[in-house]
1. So for the stretch 2-402, averaging the separation of alpha carbon pairs under 8 Å that are six or more residues apart and normalising by length, what relative contact order in percent results?
2. On alpha carbon coordinates alone, what is the Rg over Rh value for the chain, Rh being the Kirkwood radius?
3. For the ranges 249-260, 327-338, 98-109, what's the packing order if you count other beta-carbon atoms within 10 Å of each residue, average per peptide, and put the highest first?
4. Taking only Cα atoms, what is the 0 to 90° angle, nearest 10, from helix 313-334's long axis to the longest principal axis of the chain?
5. Taking the alpha carbon gyration tensor of the stretch 25-142, what are the square roots of 5 times its eigenvalues, largest first, to the nearest whole Å?
6. If we sort 372-385, 147-160, 223-236 on the protection proxy, mean other Cβ atoms within 10 Å, highest first, what's the order?
7. For n ≥ 4 DSSP H runs only, could you compute -39500 (n - 2.57) per run for the chain, divide by its residues and tell me the 222 nm figure to the nearest 500?
8. Mind checking the angle between helix 32-60 and the chain's longest principal axis? C-alpha axes, 0 to 90 degrees, to the nearest 10.
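Derivation of every value follows stated rules applied to the coordinates shown; laboratory data play no part. What you see is a predicted model, and the numbers here were worked out from it, not measured in a lab. Using ideal geometry, Cβ is built from the backbone for each residue, glycine included, and neighbour counts are taken over all protein chains shown.
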């Protein structure tokens, strides 16, 4: 039971992060009922495809990454696609997090100093701090992450309690507002990115000793927790801004609000120091924990490659950190509003990595093994629905890139 509970928290902790901050920005036009429906719809698709990946792992008898599964069930082409998608997704997420963190810091400095600092200088400073942090050993970074994640949970709970006191249940934004195709085009990839936890499936398959019943419960409850957290967060933010700050709410509808603007507005709405403090702390902690989770994986993958070419430990460690952050930094410096754009681009890559590739590999696996550990995977209608959603997300982001 302890193993199962721990695994549930790992799934939930992997999903919950900085992507949550973007949800009110892209879902404001939909109204709360439709927003909740969208989140449960994306959750159901992501839970279904997580079972697909677990099924592939169970058929192999132990946990394998999607890169390894691609090689086992299809060959080097599928392996290369998985590898490229994973790298691009990681760079996209880091770009989003750097931009989001810099935006929050800029608004925080404005609050305390009444000075509007240049966002590009803040971006460079923020990225430099991250590079210095990642020069420490993984053990020390892990200790820092544990403390930050614990603080994030506490701060988030206190913030939600504070925001709930400011919500007028009679004046919630229930009906869709200015809803059009562009709203769907922008929102779907971002929401899709927020449900990313597939990178831990292979580890938890091994940790749970290939127990198919336990693994099903782990990914059911582990993915439901973020869903309820996202819904509660979105209701609180939109509900408060709709009544207390119509200007920022209108900016959200027009797609012109940055995450820093939203956090600054939440801080100013109440004279209570607690809401001001916890809104900023929660946002920054979400950014930092997400960066650590994503950045460590990318840094270690580069170290494995560079250690064969650069013999000096300090040199290849420093080089791996630079390669991890510099490309994302350059994207943020030259792409306006990179937070939403990078998360949206990440949604397209996630659709390929988490939906299209697993369904393709499941079809390959069926040729070798007709037996499924999870009978629900046999229904072609469900496979078609998941595939269709994945394709729609990809089309939406392609249209975003063409705008």
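1. Working: 529 pairs, mean separation 148.6, N = 401.
The value is 37 percent.
2. On the way: Rg = 20.9 Å, Rh = 21.8 Å.
In the chain, Rg relative to Rh is 0.96.
3. The packing order, highest mean first, is 98-109, 249-260, 327-338.
4. The answer is roughly 60 degrees.
5. Values: eigenvalues 271, 119, 32 Å².
Those come to 37, 24, 13 Å.
6. Listed from highest to lowest mean packing, they are 223-236, 147-160, 372-385.
7. Estimated from H runs of four or more residues: -27000 deg cm²/dmol.
8. 30 degrees
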